[in-house]
Every structure is written in structure tokens, then in C-alpha cells.
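*Asks:* Following this message is one structure expressed as C-alpha cells.
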Amino acid sequence: MIENIINKYGTPTYVFDIAKLLKRVEYLKSKLSFPLVYAVKANTFIIKELENCVSRFEICSSGEYEICDSLNIKDEMMVISGVYKEEDVISNMIKNRNILRYTVESLNQFNLLKKLAIENKKTVHLLLRLTSGNQFGITKEEIKEIISNLDTNYLIIDGLEYFSGTQKHNIERLEKEIIDLNNFIAEIEQDLHFKIEEVEFGPGLPVYYFQDSNFDEDAFLDKLNELLKTLNKKVSLEIGRSIASSCGYYLTKVVDFKTNQNGNFAILDGGINHLVYYGQMMAMKIPYYDLYINSEEKDELVYNLCGSLCTINDILVKNVLLKKLNIGDVFVFKNVGAYSITEGMSLFLSHPLPKVILYKNNHCYLVRDTFKTSNLNFPKIEE
Ligand SMILES: Cc1ncc(COP(=O)(O)O)c(C=O)c1O
């Protein structure tokens, strides 16, 4: 499949394998007995493919909302989240839609949602996001204040949202968070006589990107599942990375070489503007990749694999021993389904954006063609 895509579409290109994505979701569902909420920020190209196997989509910006809306995602599957909720956008949602849930990330957001719900006589369901001590969410005191002073039937507080960070591989840390959450819920229920019905919990599930990693995912998820059961609530799990990573491939070809006092460098037509491996350190770790080479080379060489940006940081892998490379050889980097496409610094150097292919039922669908970013970096002056 990959060879055909290389020949037909060229590089740089992302490929998202939908069968692999759905298999991954099935695996997560087999290990975790709670509905999944897909955090669309991880990859917006696979939202529609997940519509029938997750319970909701977590939407954190007006742009993500526009994408979901254009994909005809149903209102009841949307959770409107995000640290900044623009008044006109939220106003339009409350007035014209029947979106079921909004998270509350600040007291201002709460007041805005309250004002809009009352003005529009619409019932709005809320999840109050408990902060973990950063710019997101509100404090325990603020949550209690909101619950104690709730004076309208238009707002229904379903429960809490909690997400403290991504790539959390320490189960003890998750255990502590769940115990704290449990204690806080008990405090609310006892002191305020208010029932927390639901907890939307972001576990920040880890993805192991590098070849030396050693992770017992089965055991990790079993333990997490047991911990979540102790909440004794309707729990849903907000997940991005762990759902999306494994389905993604990034194809980039060798376009040039050089050798100097510091070694051999292979220059690729794509780099860190399109490829984000969380936890990569100075390109010292080796991600999972396949190499499609054009010749029968027997000799081997140690290479630094570099992208095409004007920064010395644009190294994908350092000091890797490979068969001697030729121009046109293609690297297929794996596990790039989450965040590479949405988080890469894709405007740097005005390189075109990669094509995006969805591979589904043995067919390739070109869902985004190459896109010239020079247009976006151009100062068009209005007359
Ligand atoms: C509120 C919230 N929920 C869920 C996620 C998804 O996290 P992950 O990709 O680690 O699953 C994020 C990621 O930033 C987030 O901010």
C-alpha cells in the first residue's frame, strides 16, 4: 500500500490508515469500560471516521467547531471546551444549536454561559473543569462557589472535567489524581448536598514512539480501569493521542546529502514542521520507521536525518546506521496520527503543506492536496 502511495502521491504526505484507527479504538474499548470522548485537536482528519465508535467529540476552538459542523457531527456529540470561548461563537451555538455540553474553564466563562442560557431560554449542561494548577480550569473553591450559588434552572451542572497533561505513563500519578478527585467529589456531595453525576476525565494516555521503549499497555490500562471504577460515577474518557497516533504515517524522501567534520547528513523534503514526536530529545531517539530504498546498496553509513527548515533543530534522527541512501529513497515515519498534523510548525519557511491521504477499504482518498503556505505568509495589503 505505502509503495503505491509513494508512487502516486509523492512526498511529503501523511497517510491515515482507517482500519488501523478503528482497530485501535476497539482495543481501547476492550480495556476501558467507559465511553470515549475524542479530543479532536489530535487530528481533525479522522473525526468522521470515529463518529460511530466514540460517544462525543471534545472541541476546543471555533475552528474545531467549524470543522465538526462541516462534517455534520451531531450537536449531542459535541462538548464545547477550550480555555477561550468567544462570546459571539458561544452565543450563536446557544441560540441556534442544541449542543448538550459546555465545559467551564473560568468564572467569566461561567457568567457568559449563564447569561446566554437565560437570554435564550435554553438549557445548557455544564462540566466544571477542575484545575491542576495551570492556566486551565477553576479551583475547588470556585467550583463550590458556582454550585452553591446556582440560581437558574437553565444551567445544569452535570459534573466535573479533569485533564492535567498528556503522555502520562506513571500510573501512580494517575492514581493520586483519581483519589484526589474522589475526595473532592465526596466533599461537594456532603457539604453542598449536590450530586456530581458525571466525570469527564482526560488520562493523557501515553504513546511509546521510540524503538527502545518497553511498555506493558495491557497492564497499564487494566490498572487505570480499576482506578476509574472507584469514582463510582458516569465516567467518560477524553483521549486524543492514544486513539490517533498509531494510524498515521508520514512519508518524506531524501533530496540531498552532505558530509562534513560532524558526519553525514541526509536532507529530507519534510521535517519537524510536519512531524512531532513527543519526548524526542535532540533527535537522539529513534522513532519507528520503514525505509523504501531504490537501489541494492550493501554498504552502510551513519546518518543524521535532517528536514528542510533553516534551523539546526530540524533533525529527525541523529546518528543512525543505514544502508547507503540515494536521492529519492523514502522514509515512512510511524505513529504520527496524533498532533503531527495539527501541532507541527507548518508555516516556517513557507514550505507547502503535505498531502493527506485517508486509506480506507483498500482505497486511497486524497482529503487534502498540497497547500501553498507562501499564500499565508504573504502580506496582502488591502487597497
Ligand atoms: C482538555 C483536554 N482533554 C484531552 C486532551 C487530549 O490529551 P491526549 O492527547 O493526551 O489524550 C487534551 C490535550 O491537550 C486536553 O487539553
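*Asks:* Residue 321 versus (1) more than 16 Å from the ligand (Cβ to nearest atom); (2) in contact (Cβ under 8 Å) with a residue 40 or more places away in the chain; (3) hydrophobic (A, V, I, L, M, F, W, C): which is the lone unmet condition?
*Replies:* (2)
*Asks:* Strands (runs of 3 or more DSSP E) wholly in the stretch 1-116 with at least 2 residues that are within 16 Å of the ligand (Cβ to nearest atom) - which ones?
*Replies:* Once the strands (runs of 3 or more DSSP E) in the stretch 1-116 are filtered for at least 2 residues that are within 16 Å of the ligand (Cβ to nearest atom), what remains is 36-39, 56-59, 78-80, 101-104.
*Asks:* Additional query: Quick one: which strands (runs of 3 or more DSSP E) lie wholly within the stretch 283-377 and hold at least 3 residues that are aliphatic (A, V, I, L, M)?
*Replies:* 300-306, 315-323, 355-360
*Asks:* Filtering the stretch 201-244 down to residues that are within 11 Å of the ligand (Cβ to nearest atom) and assigned to a loop (DSSP other than H, G, I, E, B), which residue is nearest to residue 318 (Cα to Cα)?
*Replies:* 207
*Asks:* Among the residues in the stretch 156-176, are any assigned to a helix (DSSP H, G or I), within 14 Å of the ligand (Cβ to nearest atom) and either assigned by TED's automatic domain parsing to the domain that holds residue 137 or over 21 Å from the mean Cα position of the chain (by Cα) (or both)?
*Replies:* Yes, the stretch 156-176 contains a residue that is assigned to a helix (DSSP H, G or I), within 14 Å of the ligand (Cβ to nearest atom) and either assigned by TED's automatic domain parsing to the domain that holds residue 137 or over 21 Å from the mean Cα position of the chain (by Cα) (or both).
*Asks:* Step by step: first the residues of the stretch 245-268, then only those that are of a type in the set (S, T, N, Q) and within 15 Å of the ligand (Cβ to nearest atom), then the one that is farthest from residue 195 (Cα to Cα). Which residue is that?
*Replies:* Of everything passing the filter in the stretch 245-268, 246 is farthest from residue 195 (Cα to Cα).
*Asks:* Under 7 Å by Cβ, and 6 or more places apart or on different chains, what pairs join a residue from the stretch 282-311 that is surrounded by 11 or more Cβ atoms within 10 Å (Cβ to Cβ) with one that is in a strand (DSSP E or B) and polar (S, T, N, Q)?
*Replies:* 301/264; 302/264; 302/319; 303/264; 304/264; 304/319
*Asks:* So residue 114 clears everything in (1) under 20 Å from residue 152 (Cα atoms); (2) surrounded by 19 or more Cβ atoms within 10 Å (Cβ to Cβ); (3) free of Cβ contacts under 8 Å to residues at least 40 places away in the same chain except one condition, right? Which one?
*Replies:* (3)
The values are calculated or read from the model by the stated rules, or taken from the named source; none is laboratory data. Just so it is clear, the structure is predicted and the values come from calculations on it, not from any experiment. Ideal geometry is used to build each Cβ from the backbone, glycine not excepted, and the neighbour counts take in all protein chains shown.
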